[in-house]
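The values are calculated or read from the model by the stated rules, or taken from the named source; none is laboratory data. What you see is a predicted model, and the numbers here were worked out from it, not measured in a lab. Here the Cβ positions follow ideal geometry from the backbone for every residue, glycine too, while neighbour counts run over all protein chains shown. Areas reflect the complete protein model, heavy atoms only, side chains present, ligands, DNA and RNA absent. Shrake-Rupley method; radii C 1.70, N 1.55, O 1.52, S 1.80 Å.
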Amino acid sequence: MSECEDDPAVFSSDTLPSDLRFMATVANGYLGTRVYSDVMHVNGVYNGEKGDCCRADVPSTVNARLTIPGESTSKNTFTLNTRTGTFCSITETQDFMVTQQIFAHRTRVHLMVLTITLERLAISEEQFTVQIKSSFVPHSQNIDFVNGPDFMGATYIYGQTLTPEVEGAARQSVHMISKPLPESLTLLPQQQSDSWIFLTAVADTEERVKECFVEGQTLVQLNQLYSSHVAAWAALWKESCVNVRGCRRLNQALYGCLYYLLAALPPLKPTDFQYIGLSPGGLSNGGNGEDYYGHIFWDQETWMYPNVLAFYPEQACTLLKNRIRTLPAAKCIAGQQGYKGAKYPWESAVTGFEVCNEDIYGLKEIHINGDISFAFQQYFYFTQDLEFFQEDGGWDVVNSIAEFWSSRVTWNPSEECYEIKGVMPPDEYQSDVTNSAYTAVVAKYSLQFAIELASHLQVPVPSEWMKIAEKIKVPFDPEKQYHPEFDGYNSGDAVKQADVVLLGYPLMYPMSSQVRKNDLVMYEAVTDHDGPAMTWSMFAIGWLELKDVSQAQQQLNKCYSNIQHPFQVWSENADGSGAVNFLTGMGGFLQTVLFGYTGFRIMKNCLHFDPIIPEDIDELRITGIDYLGNKLQFHLSKEQVTIVLMRPCGFQHLALEVVLSDSGKRFAINEGQPVSFLLGPGKIQSRCPAGSSELSTKS
């Protein structure tokens, strides 16, 4: 077995998937492509109005197929190395090896790179030639590309999208410079090996694309193009990693999920572009008619965001800032529908207006407002970054969402409660229900968080908000001791996906262990087994809360049906249908380990933990949890927990301590000094007195 085959982060095969939708993808938050696809996509570049809006196709310059004339006995190996963010194709003959590498540069995000290397494996003076078949044509169905003058020997094309997302909005510009591929490459008799680098730069202006191409060529001349890309990925893995010992299948899945999620995010350093957000199929997918057209909706906040927040609060903040940027559109939508505050669209692209192609979702699936507010709440509890809400617009979003809910509820005098009528819950088999349990809880939380945050900011809010929050009806059946999905729900009715089970996690809605169990049992039996991939992760987390590891593992194991080999690409549905490279499902799977096995819960004043390690896992190591400005590493075995402060990060951080629930023992967490204790519940909290805003500065 080769070294690559030993490494769970490296996915290799001698064949490509029969369905090329399941090819590996490479991306960097700005550019993304599915390997061997004819197109790539650019962050924020969409074409089409309203429901026709989709990621605009940009012709791919890296889709090159190599053939060796007259060779029929070659050996092929295709590898996605998630540690380096690189796809590699190797063809070996008896005497020669051909290597093709494709990557989206991790930090020079405007660069997409194809390299081809020819190498002799035996002593010979034979000339060796490979033929190249490229799919590149300077045209797009979404962009009116025209040819510009060549630049530094490279092809230059530029154009604008055909149709803006909203009438009157600007069409988006794409400029691309690429080094053209020849029809063949030759290794001369006197050469042992040779390499060629084909560089592509993409940007929104002529000036910027030329700057980026020159920067890339400079890195090529310094022999730093690939090494700088690899170093950036190495830094990411050093700062954020989840791995287990004892279960290779789980380890591979975790590396795949985290790689695809990180690849969809921009670099940590400030960028020269406005990042739009995470869509279910990632940046590499989302063209017309596929993968939800590349739109952003609750999948971002509920399924992917918690993992991003845990490792990179600054990246989570970037996602929230996009909701701040699109707040004016959300306010406009609320006004058009006759409500106060802001109503975020079910699906959004650049402008923040509704781009879902079916009106019912935008009108009825309003829980997205609560999902967004809850994401802002989690960010505040995890970082205590009050400045974000004071200075950067965070409060405006939280306040506007609370205003919306206060105008969206209806008072029911007979039951003396506020109701939310005419909604679609997360279970999309239902389209017009009253008092969706999930919608009610996220609405309640939105109002409560707005009141809490207003107190911190010392700004007034309407007194009725508290009454509404207290009196919003959350359906509960006292006889069967479970939460009906909505008023009038008949136990046994089919459910599309995780809905009521989300009350326990991530919402942590108060309930007894018996009610939590009843919800899990009731809805597991009726949830569509062919539904979307993220569902079973939430059932698994519920059973882990109840310490029923066997039930949890049964649910988690269902997720493996959605992982398509060899490149660990997820499909939305177990039969391979639906969105591909389904980051939503990956996000749920990651949460099962990151929040399920550890018992992590983001509370108002602490990070709670209550770990449980399944039988098939010997150890779980999580590197890079960034709590209150501290990078932490957790090492969990069946008997013991060890926490290490890797380093304080950011300009300011809060000094931390561990408090064990059973004994009350406290351990200060100091840099480089491991803290170990027996497996059990506890919390990590600031060492500052409760309510203190005093910060401990970085040493």
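Within the range 205-250, being open to solvent by less than 60 Å² (accessible area, probe 1.4 Å), closer than 30 Å to F145 by Cβ and aromatic (F, W, Y) holds for one residue alone: F213.
For the range 618-646, a residue qualifies if it is in contact with a Lys or Arg (Cβ under 7 Å, 6 or more places away or on another chain) and either in a loop (DSSP other than H, G, I, E, B) or of a type in the set (V, I, T) (or both), and exactly one does: D618. Filtering the range 459-481 to residues that are under 17 Å from E416 (Cβ atoms) and assigned to a loop (DSSP other than H, G, I, E, B) leaves K473, V474, P475, F476, P478. Can you pull out every residue in the range 252-272 that is out of contact with any helix residue (DSSP H, G or I) (no Cβ under 8 Å at 6 or more places or on another chain) and at pLDDT 95 or above? Q252, Y255, Y259, A263, listed by residue number. Applying the condition of being among the hydroxyl-bearing types (S, T, Y) and part of a helix (DSSP H, G or I) to the range 556-577 and asking which residue is least open to solvent (accessible area, probe 1.4 Å) yields Y560.
Here D38 does not qualify as under 22 Å from V209 (Cα atoms), under 23 Å from the mean Cα position of the chain (by Cα) and among the acidic types (D, E). Filtering Q458, Q390 for residues that are surrounded by fewer than 17 Cβ atoms within 10 Å (Cβ to Cβ) and under 25 Å from L319 (Cα atoms) leaves a single hit, Q390.
Checking each residue in the range 231-244 for being touching a residue at least 12 places away in the same chain (Cβ under 8 Å), in a helix (DSSP H, G or I) and of a type in the set (A, V, I, L, M) picks out A232, A234, L236.
For residues in the range 36-66 being more than 12 Å from N285 (Cβ to Cβ) and among the aliphatic types (A, V, I, L, M), which is most open to solvent (accessible area, probe 1.4 Å)? Per the stated criteria, the residue is L66. Restricting the range 647-666 to residues that are part of a strand (DSSP E or B) and open to solvent by 60 Å² or more (accessible area, probe 1.4 Å), the residue that is nearest to G629 (Cα to Cα) is Q652. Does V202 satisfy the criteria of being open to solvent by less than 60 Å² (accessible area, probe 1.4 Å), on the phi < 0 side of the Ramachandran plot, outside any helix (DSSP H, G or I) and among the β-branched types (V, I, T)? Yes.
Matching residues to (1) at pLDDT below 95; (2) more than 24 Å from N307 (Cβ to Cβ):
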| residue | (1), (2) |
| --- | --- |
| F600 | no, no |
| K604 | no, no |
| H608 | no, no |
| G624 | no, no |
| P648 | yes, no |
| P674 | no, yes |
| G682 | no, no |
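Quick check, is L225 under 30 Å from A154 (Cβ atoms), touching a residue at least 24 places away in the same chain (Cβ under 8 Å), touching a His at 6+ places or on another chain (Cβ under 8 Å) and among the hydrophobic types (A, V, I, L, M, F, W, C)? Here the answer is yes, as L225 does meet what is asked.
For the range 503-518, state whether one or more residues are among the hydrophobic types (A, V, I, L, M, F, W, C), open to solvent by less than 10 Å² (accessible area, probe 1.4 Å) and in contact (Cβ under 8 Å) with a residue 40 or more places away in the chain. Yes, the range 503-518 contains at least one residue that is among the hydrophobic types (A, V, I, L, M, F, W, C), open to solvent by less than 10 Å² (accessible area, probe 1.4 Å) and in contact (Cβ under 8 Å) with a residue 40 or more places away in the chain. Quick check on E301: is it within 13 Å of I401 (Cβ to Cβ), buried (at least 20 other Cβ atoms within 10 Å of the Cβ) and acidic (D, E)? Yes. Each residue in the range 131-145 was checked for being of a type in the set (S, T, Y) and under 15 Å from H41 (Cβ atoms), and 1 pass. The residues of the range 126-147 that are within 36 Å of the chain's Cα centre (by Cα) and outside any loop (DSSP other than H, G, I, E, B), listed by number, are I132, K133, S134, I143, V146, N147. Taking the range 245-332 as the region of interest, the helices (runs of 4 or more DSSP H) fully inside it that hold 3 or more residues being under 26 Å from I102 (Cα atoms) are 248-263.
Taking the stated definitions as given, is S284 touching a Gly at 6+ places or on another chain (Cβ under 6 Å) and either over 20 Å from Q378 (Cα atoms) or of a type in the set (K, R) (or both)? Yes: the conditions hold for S284.
Checked against the criterion of being of a type in the set (D, E, K, R) and under 30 Å from T271 (Cα atoms), the range 89-109 contains one or more residues that satisfy it. Checking V580, V549 one by one, the residue that is open to solvent by 20 Å² or more (accessible area, probe 1.4 Å), over 16 Å from L254 (Cα atoms) and aliphatic (A, V, I, L, M) is V549 and no other. With respect to the conditions (1) over 21 Å from V214 (Cα atoms); (2) among the charged types (D, E, K, R); (3) open to solvent by 40 Å² or more (accessible area, probe 1.4 Å), R108 lacks only one, and its number is (1). Specify the residue that is most open to solvent (accessible area, probe 1.4 Å); the eligible residues are those in the range 677-690 that are touching a Phe, Trp or Tyr at 6+ places or on another chain (Cβ under 9 Å) and either without any contact (Cβ under 8 Å) to a residue 12 or more places away in the chain or assigned to a strand (DSSP E or B) (or both). It comes out as K683. The set of residues in the range 192-209 that are touching a residue at least 60 places away in the same chain (Cβ under 8 Å) and out of contact with any helix residue (DSSP H, G or I) (no Cβ under 7 Å at 6 or more places or on another chain) comprises Q192, S193, D194, S195, W196, F198, T200, D204, R208, V209.
Listed here are the residues, each with its yes/no results for (1) open to solvent by less than 10 Å² (accessible area, probe 1.4 Å); (2) touching a helix residue (DSSP H, G or I) at 6+ places or on another chain (Cβ under 6 Å); (3) closer than 25 Å to Q337 by Cα.
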| position | (1), (2), (3) |
| --- | --- |
| S373 | yes, yes, yes |
| F380 | yes, no, no |
| Q384 | no, no, no |
| V397 | yes, yes, yes |
| E415 | no, no, no |
| V423 | yes, yes, yes |
| D427 | yes, no, yes |
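The set of residues in the range 515-547 that are outside any helix (DSSP H, G or I), in contact with a helix residue (DSSP H, G or I) (Cβ under 9 Å, 6 or more places away or on another chain) and farther than 16 Å from V593 by Cβ comprises T527, D528, H529, P532, L546.
For E183, the stated conditions do not hold, so it cannot be described as modelled with pLDDT under 95 and open to solvent by 50 Å² or more (accessible area, probe 1.4 Å). Could you tell me whether any residue of the range 472-481 is in contact with a Cys (Cβ under 8 Å, 6 or more places away or on another chain) and closer than 22 Å to D371 by Cβ? Among the residues of the range 472-481, at least one is in contact with a Cys (Cβ under 8 Å, 6 or more places away or on another chain) and closer than 22 Å to D371 by Cβ, which makes the answer yes.
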